[in-house]
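Take a look at this one; I'll ask things after.
Read-outs: derived from the displayed coordinates by stated rules, not from any lab. Keep in mind that this is a model prediction, so the values were computed, not measured. Here the Cβ positions follow ideal geometry from the backbone for every residue, glycine too, while neighbour counts run over all protein chains shown.
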Protein chains: 2
Amino acid sequence: MPEHAPLSRDRVLRAAVDIADEGGIAAVTIRAVAERLGVKPMSLYHHVPHKEAILDGIVDAVFAEIELPLDEPDWRAALRHRAHSARTVLGRHSWAIALMESRTHPGPATLHHHDAVLGILSRAGFPYALAGHAYSLLDSYVYGFALTEAALPFAPQDVEIAVGDHLAAFPAGAYPHLAEFATHHVLQPGYAYGSEFDYGLELILETLATRLAGTTRP
Amino acid sequence: MPEHAPLSRDRVLRAAVDIADEGGIAAVTIRAVAERLGVKPMSLYHHVPHKEAILDGIVDAVFAEIELPLDEPDWRAALRHRAHSARTVLGRHSWAIALMESRTHPGPATLHHHDAVLGILSRAGFPYALAGHAYSLLDSYVYGFALTEAALPFAPQDVEIAVGDHLAAFPAGAYPHLAEFATHHVLQPGYAYGSEFDYGLELILETLATRLAGTTRP
DNA sequence: ACCTGAACACCGTTCAAGT
DNA sequence: ACCTGAACACCGTTCAAGT
């Protein structure tokens, strides 16, 4: 049984990520992590100073999963790849989005991630100011989209039923634009919120390309 | 003393918001809310079914604070105003950003907010598809920026000191692009991460305006 | 109707004790 | 060195009892 491999910070973090994926961040308790590892709660404290460190650690572990195409010469392709990967990873571990807000101790994977993205912008010839704009805009968009997607009041696959139920529960005429938008757009066959991601991403990348073309490094 | 006004769902939610503002979302416990209201923990259950309902309620209360300029004829001005207000409100209650991810029961203020934004887009002549793109993009950006800003590993006012410390703690050369970007841009006088918000917002609004000009309602 | 005391099954964490 | 049992000060919530 791999359960009895020696305990380590890494095994603690992996168990915590698995528990969060299955039951949300609230399910991550010292006692639950210990039980999954076949160990007593107190044993964890020999590998991790306190629960906060576990939370910092699993956020950093999530960042480590995001792919960074370091050998991609085309900056737009590289940033597109990073954005898609970030969205996939954050979709798989949606508890991590909420956790980011309160974690102000970036780990090595997080710092490496930021370093790599700045490297892509630098090699593409973005002046510092424009690189700052680009990074802020792209990051905000990607994390924000993941947040919005996670907060949808229904699972993406049953939009029709869920939105229908929601609308039926509304006081008649209380949210006219919402009702109109739902019936004429969201409830139409073929609609999927997820596909909005690419529209926004491409709009941002295209506009940044235009602005890059109009500058030179100072 | 207003402490002895009759208890109500509203007073419970207001107390919960105040506690979250002061001590973060973890400080919001049934017992703490009760104590602030000068009442015993069990009394809250006569006005709120369980703690989850308090969390749903305070997220909705935060949405209610965001200003919606319903009488502004210029759609860009209206959306700009909404975005600035959302950012201010989410900055004041940064715990709410994290909470949004797990709240899938939108309250009346949240629904009214979405309805109003869709109304602005509709009156501006956005076809359904473009309205969907615009809303997704703007919302993702605004929430994502608030999230990113809240997650900064230092208070905005002491970037210089904090970033300096962080860089000093790095293994030499471990994050070269980050170090270069920090010394040549972030640490320069006059830099403030907060001012990135307007760059991204205006880029999005401008590009949406261009795309709106190229469409007609189907 | 609204409020509450006691109790239950949980938390994270300390400390002293085991190997 | 690594692991653990017992204990402490907390949680949210049920239930029966008070006004």
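List the DSSP H helices in chain A whose Cα atoms stretch 18 Å or more along the helix axis and whose mean Kyte-Doolittle hydropathy is at least 0.5.
What comes out of the filter, once short or polar helices are dropped, is A:51-65, A:128-150.
Still on this structure, I have one more. Give me the percent relative contact order of the range A:1-49, please, defined on Cα pairs under 8 angstrom at least 6 residues apart. Don't skip to the end; give the middle numbers.
Numbers: 34 pairs, mean separation 18.9, N = 49.
Relative CO of the range A:1-49 lands at 39 percent.
What is the mean number of Cβ atoms from other protein chains located within 10 Å of the Cβ atom of each residue in peptide A:196-206, rounded to a whole number? Don't skip to the answer; put the middle values down first.
Working: counts 9, 3, 1, 8, 9, 2, 0, 9, 6, 0, 1.
Shielding by partners across A:196-206 averages 4.
Just to be sure I understand the model, the point goes 7 Å from the Cα along the line to the Cβ. What's the resulting A:Ala32 to A:Tyr193 distance in nm?
Here the answer is 2.3 nm between the modelled labels.
If each label sits 7 angstrom from Cα along the C-beta direction, how far apart, in nm, is B:Gly91 from its counterparts in the other copies?
3.3
Here is a follow-up. In deg cm²/dmol and to the nearest 500, what is the mean residue ellipticity at 222 nm of chain B if only DSSP H runs of at least 4 residues count, each as -39500 (n - 2.57), divided by the residue total? Display every interim value, and only then the final one.
Values: 10 runs with 137 residues, N = 218.
Value at 222 nm, helices only: -20000 deg cm²/dmol.
In addition: What are the nm distances, shortest first, from A:Asp21 to its equivalents in the other copies, labels at 7 Å along Cα→Cβ?
Those label-point separations list as 4.0 nm.
How high is the FRET efficiency from A:Leu152 to A:Glu206, r the C-beta distance, R0 30 Å, rounded to 0.05?
The formula returns an efficiency of 0.70 here.
Let me ask another. Counting only other chains, and only Cβ atoms inside 10 Å, what mean value do you get across the residues of B:94-103?
Partner-chain Cβ atoms within 10 Å, mean over residues of B:94-103: 6.
Sticking with this one: Can you return the lysines within cross-link range of A:Lys51? Criterion is Cα-Cα under 28 Å, with same-chain partners fewer than 8 residues away left out.
Excluding near neighbours in sequence, the set is A:Lys40, B:Lys51.
Rank the residues A:Asp56, A:Asp198, A:Asp10 as a footprinting-exposure proxy: fewest other Cβ atoms within 10 Å of their Cβ go first.
Details: A:Asp56 20, A:Asp198 14, A:Asp10 11.
With the fewest neighbours first, A:Asp56, A:Asp198, A:Asp10 line up as A:Asp10, A:Asp198, A:Asp56.
Order A:23-30, A:120-127 from most to least packed using the mean count of other Cβ atoms within 10 Å.
A:120-127, A:23-30
For chain B, what is the relative contact order in percent, using Cα pairs closer than 8 Å and at least 6 residues apart in sequence?
Over chain B, the number comes to 18 percent.
Using a 7 Å offset from Cα along Cα-Cβ at B:Arg92, what residues in the range B:49-77 end up with backbone N under 16 Å from the label point?
Residues B:58-69 fall inside that zone.
Also, quick follow-up: Choose one answer from B:Ala174, B:Ala64, B:Ala98: the residue with the largest mean-square fluctuation in a GNM of chain B with alpha-carbon springs under 10 Å.
Looking only at B:Ala174, B:Ala64, B:Ala98, the largest GNM fluctuation is found for B:Ala174.
Let me confirm one metric for peptide A:107-119, namely the mean number of other chain beta-carbon atoms within 10 Å of its residues' beta-carbons.
Average neighbour count from other chains, rounded to a whole number: 4.
Can you tell me how chain B classifies by the Cα gyration tensor, rounded, prolate or oblate, using a/c under 1.5 as the rounded cut?
Judged from the Cα gyration tensor, chain B comes out oblate (a/c at least 1.5, b/c at or above a/b).
Counting other beta carbons within 10 Å of each Cβ, put A:Ser136, B:Ser8 in order, fewest first.
Numbers: A:Ser136 22, B:Ser8 13.
Fewest to most other Cβ atoms nearby, the residues stand as B:Ser8, A:Ser136.
Provide the FRET efficiency to the nearest 0.05 for the A:Ser8-A:His185 pair, computing r from the beta carbons and using R0 = 41 Å. It would help to have the intermediate numbers written out before the result.
Working: r = 50 Å, r/R0 = 1.23.
The computed FRET efficiency comes out at 0.20.
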